[in-house]
Amino acid sequence: MKTLHFSVQDYDLKKTLESGQTFHWEQVSGHSWEGMISGQWVRLSQAQHDRITARGVNGMGQVKGDIIRYLQLDVDIQSVIKCFPDDALMNAAVRARKGLRLLRQDPWICLASFLLSSNKRIPQIMEIVRHMSIRLGEQLIHPETGRQLHAFPGPESIAKSHESVLRECKAGYRAKYLYKCASLVASGEYCLDAIHVLELDEARSKLMELPGVGAKIADCVLLFAYGFSRAFPIDVWVQKVLGDYYFKGATNTPRELGALVQDYFGDHAGFAQQYLFDYIRHLKPAEWAGWVAEGHTGRSS
DNA sequence: GGGATGCCTGGATG
DNA sequence: ACATCCAGGCATC
């Protein structure tokens, strides 16, 4: 057993793990979560605001770098936030969701998770991921607790399975997409690694070639797995932010809207999106109505 | 090419 | 109770 300590600033592990960018972390106490990073079992904890602890099972040498990368511990979030537009809603979101970060996830796990996300709430997505991990994921036995652990299933494992198995895991109509994507990736016909070297627009188009992957899912994977910090997923929540607040009244095509977003939110638009999304998701309807009534007035005072 | 419609499923709403 | 609606979308027509 080895424990690693990381000193952090403006990093809220709870907000980050519960912000809907990942669906496989299991909360085991008020400030601890268990999951896997690079195939290794890890328990992450944050009892104090300035320290995150990672506990692993053995030889954590290699894993340290993986954890830093996964949690994006070397990102200077203040310099990112400085790039955000200076308006009232954006500032409120940054203040309210202080410590929210973006993770750098494994592309396959991220892609598969978001394929499962359409028309589902977060707890239901987590439920499907649990079922799939138990049914198809690699099984590990924790050397000390003896607990069984199940990794998120790789594309090969799913491809060797069957669409009906995914349906038994409650994936519903998404099963077909996930099965097809797994088959394409497992066979080598589609290479997830090739995305890394592409420009944002090319990478996006490439991901959208996959069955079941549209603009929203592509942008989630680009932002949460490939680290394109300009990728800006527009889901129903963010749609509200854009349509009811920032660009009210303008009937834009998705393409025009994308251009407006890139122009307004800048080089770290994806981070801004995550703060806005997480902020309004926690607002009461009346509070959101207040923002809409006030409207976007450009720069805050 | 923008705009409806169906899709699995479970929880919320009436 | 029981029907209906709708979720962090996408493909299809």
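Nothing in this text is a laboratory measurement; each read-out follows from the coordinates by a stated rule. Everything numeric in this text was worked out from a predicted model, so none of it was measured. Cβ placement follows ideal geometry from the backbone for every residue including glycine, while neighbour counts extend to all protein chains displayed.
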On the first, second and third principal axes, largest extent first, how far apart are the outermost C-alpha atoms of chain A in Å? 57, 43, 37
Per-residue ellipticity at 222 nm for chain A, helices alone: DSSP H runs ≥ 4 residues times -39500 (n - 2.57), over residue total, nearest 500 deg cm²/dmol? -13000 deg cm²/dmol
Gap separating the Cα centres of segment A:128-155 and segment A:240-277, nearest whole Å: 38
Run through all the Cα pairs of segment A:83-184 and give the fraction in each 5 Å bin from 0, expressed as whole percent. 2, 12, 18, 18, 13, 11, 9, 8, 6, 3, 0
Lys, Arg +1 and Asp, Glu -1 on Cβ, resulting dipole of chain A about Cα centre, debye, nearest 20: 720
Per residue, how big is the convex hull around the C-alpha atoms of segment A:1-145? Give it to me in cubic angstrom, could you? 132
In segment A:36-99, if the dipole is taken from +1 on Lys/Arg beta carbons and -1 on Asp/Glu beta carbons about the Cα centre, which of A:V75, A:V42, A:M90 is farthest to the positive end? A:V42
Can you list residues whose amide H is under 5 Å from A:D87's amide H, if they're 5+ apart or on another chain and H is modeled 1.01 Å from N? A:S300
